[in-house]
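**Student:** Structure in structure tokens, see below.
The values are calculated or read from the model by the stated rules, or taken from the named source; none is laboratory data. Only a predicted model underlies this, so the values are computations on that prediction, with no experimental measurement involved. Virtual Cβ from ideal backbone geometry, glycine too; neighbours counted across all protein chains shown.
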Amino acid sequence: MHVNLGTDMHILDPARSTFVAETIPTGLMARLGHDLRVEARGGSGRIVDDKHAEARFAIDDMRVLESRRHGTAQWGPPPARDTAEIEERLREQVFKRVAAISVTAVLDGAFAELEVVARDTWRGRVPVAIKHGDKQVEVSGATTLSLSALGGEQPRVPLGVMQLEDAVTVRFRATFVEP
């Protein structure tokens with residue numbers, strides 16, 4: 001079955017799109033840490049043609065959406081006292097000197113060849129679902145990215161007893177609408 005993005009001009013609607021990365025702590029004291037869901041807010045993008053799309057997300061607009069004590073099942077609001085510090089570490093340590101993350105996608109049937117660029121580049125083949133609606137196109141999927149492949153650095157925690165796992169799971173739903 002051939003699926004395409006469509007040929008009419010569509011732009012990313014950030015209010016109807018979600019891009020959420022899940023991080024997991026590792027190390028000797030990981031059990032005392034929190035798993036995090038970090039949301040890339042805002043963003044801009046467009047469908048270029050029937051097989052190509054692109055998007056861009058500012059690092060400064062990323063926010064901690066939810067957290068849970070490492071290894072537990074219950075997600076909830078992040079601890080208010082830690083949220084600002086976590087977001088600062090994301091900007092100043094993990095993605096130091098990176099203003100934005102750029103994503104390009106080339107559709108190949110039910111898959112997309114993604115290129116994700118921060119300081120460095122990650123490339124991968126990701127299964128996607130595409131829905132065409134009234135003047136909109138929705139592309140959804142999930143993948144696991146390598147922070148080190150993107151040029152991300154480990155946040156510094158005293159004595160190195162806890163760090164961020166290199167593999168980050170990203171779930172996305174990109175909704176593109178006619179302007």
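**Student:** Scanning the range 141-152 for residues that are polar (S, T, N, Q) and in a strand (DSSP E or B), which turns out surrounded by the most Cβ atoms within 10 Å (Cβ to Cβ)?
**Tutor:** Looking at the filtered set, the residue picked out is 143.
**Student:** Given the condition under 21 Å from residue 174 (Cβ atoms), surrounded by 15 or more Cβ atoms within 10 Å (Cβ to Cβ), polar (S, T, N, Q) and out of contact with any Asp or Glu (no Cβ under 9 Å at 6 or more places or on another chain), answer yes or no: does some residue in the range 119-140 qualify?
**Tutor:** There is at least one residue in the range 119-140 that is under 21 Å from residue 174 (Cβ atoms), surrounded by 15 or more Cβ atoms within 10 Å (Cβ to Cβ), polar (S, T, N, Q) and out of contact with any Asp or Glu (no Cβ under 9 Å at 6 or more places or on another chain).
**Student:** With the condition kept exactly as written, say whether any residue in the range 92-103 is of a type in the set (D, E, K, R) and not in a loop (DSSP other than H, G, I, E, B).
**Tutor:** yes
**Student:** Within the range 18-87, which strands (runs of 3 or more DSSP E) (wholly inside it) include 3 or more residues that are in contact (Cβ under 8 Å) with a residue 60 or more places away in the chain?
**Tutor:** In the range 18-87, 18-23, 44-47 are the strands (runs of 3 or more DSSP E) which contain 3 or more residues that are in contact (Cβ under 8 Å) with a residue 60 or more places away in the chain.
**Student:** Next question, about the same structure. Output the residues belonging to the range 33-65 that are farther than 12 Å from residue 10 by Cα and among the acidic types (Asp, Glu).
**Tutor:** Scanning the range 33-65 gives 35, 39, 60, 61.
**Student:** Out of curiosity, is residue 28 at pLDDT 85 or above and either buried (at least 21 other Cβ atoms within 10 Å of the Cβ) or of a type outside the set (Gly, Ala, Ser) (or both)?
**Tutor:** Considered against the rule, which asks whether it is at pLDDT 85 or above and either buried (at least 21 other Cβ atoms within 10 Å of the Cβ) or of a type outside the set (Gly, Ala, Ser) (or both), residue 28 comes out as no.
**Student:** To continue, here is another question. Is at least one residue of the range 49-71 modelled with pLDDT under 90, aliphatic (A, V, I, L, M) and either more than 24 Å from residue 116 (Cα to Cα) or crowded, with 17+ Cβ neighbours inside 10 Å (or both)?
**Tutor:** Scanning the range 49-71 turns up no residue that is modelled with pLDDT under 90, aliphatic (A, V, I, L, M) and either more than 24 Å from residue 116 (Cα to Cα) or crowded, with 17+ Cβ neighbours inside 10 Å (or both).
**Student:** Give the residues of the range 92-116 that are buried (at least 18 other Cβ atoms within 10 Å of the Cβ) and closer than 16 Å to residue 64 by Cβ, sorted by residue number.
**Tutor:** 94, 95
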